[in-house]
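Quick notes on the structure that follows.
The values are calculated or read from the model by the stated rules, or taken from the named source; none is laboratory data. On a predicted model such as this, the values are computed, not experimentally measured, just so you know. For neighbour counting, all protein chains shown are included, and Cβ atoms are generated from backbone atoms with ideal geometry for every residue, glycine included. Surface accessibility is based on the protein's heavy atoms, side chains included, excluding ligands, DNA and RNA. Shrake-Rupley method; radii C 1.70, N 1.55, O 1.52, S 1.80 Å.
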Amino acid sequence: SSGLQILHVFRNLFMSIVVLIGVMSVANTMMKAVNERIREIGTLRSLGFLRRHLVYMFALEGAFLSLIACVVGLAMTLVLTFTIDHIGLTYRAGILSVPINLKVRYSVGAWIISAAVLSVLATGTAWFSSRRASRMVVADAMRHV
């Protein structure tokens, strides 16, 4: 039982690292997407768009992008999990002489939590970044490189 506890600790450690990398990647991508379009924000502001319109527009863009990414990721996960379960991979566990079939467990709860966290993160980062960019002086935003 203590061997299983050690394995759970390692699993949780690696899972935490992967989640941290994913969170940082999503946040960085959404911040770059907004920051690269500051001139567009300046142009829209000069055409009469209000700050809140721009913030909502970018937040919705972040939400839709994350929704599409989650759907594509779920489809790929289902295909990969089904494939691994059905190709007959085996492994030898320690001193057992009979190979054990490799099975991947479906984790719907983890999928839902991951999709929700990443969607909120993408939407929130887009909202925060666009809020900051929309507060720039219009002339400065249009000159931004």
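Data table
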item	result
Options T125, T81; residue that is part of a helix (DSSP H, G or I), closer than 16 Å to G22 by Cβ and either open to solvent by less than 90 Å² (accessible area, probe 1.4 Å) or not charged (D, E, K, R) (or both)	T125
Selection count, the range 28-41, where residues are open to solvent by 20 Å² or more (accessible area, probe 1.4 Å) and either farther than 15 Å from L54 by Cα or β-branched (V, I, T) (or both)	3
Pairs, first in a helix (DSSP H, G or I) in the range 102-113, second at pLDDT 85 or above, C-beta under 8 Å, six or more apart	W111/L74; W111/T77
